[in-house]
Amino acid sequence: MITVNVNNQSYSFSEEILLSELLNQLNFSKKGIAVAVNNAIVSKERWEDFKVSDEAFILIIKATQGG
């Protein structure tokens, strides 16, 4: 079992999980977001093979319009 922190909320998963799977399970749209894991940006091209480690800190930022 692994536990990760996503936007200051704790989540547990039964096994190691890919970043793309984590986004799907937490119902995040993959459009218009940026993801950092342990303070390092993870490019969208790497989401499909990026394994999230136990106790990772994940920050998901949604793009918004404004002025």
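The numbers here are math on the coordinates, done by the rules we state, and not lab data. Keep in mind the model is a prediction, meaning the values are calculated, not measured. Quick reminder, even Gly has a Cβ in these numbers, built from the backbone with ideal geometry, and neighbours come from all protein chains shown.
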By DSSP, what percent of the beta bridges with both residues in the chain are antiparallel, rounded to the nearest 5? 90 percent
Of 17, 64, 39, farthest towards positive along the dipole that unit charges on Lys, Arg, Asp, Glu beta carbons give the chain: 64
Out of the GluC sites (Glu not before Pro) in segment 7-67, which ones are loop residues according to DSSP with at most 12 other C-beta atoms within 10 Å? 15, 16, 48, 55
Trypsin sites (Lys or Arg not before Pro) within the chain, DSSP loop, no more than 15 other Cβ atoms inside 10 Å: 30, 31
Rounded to the angstrom and largest first, Cα extents along the principal axes for the chain equal 43, 24, 22
Evaluate the relative contact order of the chain (contact order divided by residue number), counting alpha-carbon pairs under 8 angstrom at least 6 apart; express in whole percent. 42 percent
Helix-only estimate, please: 222 nm mean residue ellipticity of the chain, summing -39500 (n - 2.57) across DSSP H runs of length 4 or more and dividing by its residues, to the nearest 500. -2500 deg cm²/dmol
What is the spin-label model distance, in nm, from residue 21 to residue 41 if the labels are put 7 Å beyond Cα along the C-beta direction? 2.7 nm
If you place +1 on the Cβ of every Lys and Arg and -1 on the Cβ of every Asp and Glu, how big does the dipole about the Cα centre of the chain come out, in debye to the nearest 20? 420 debye
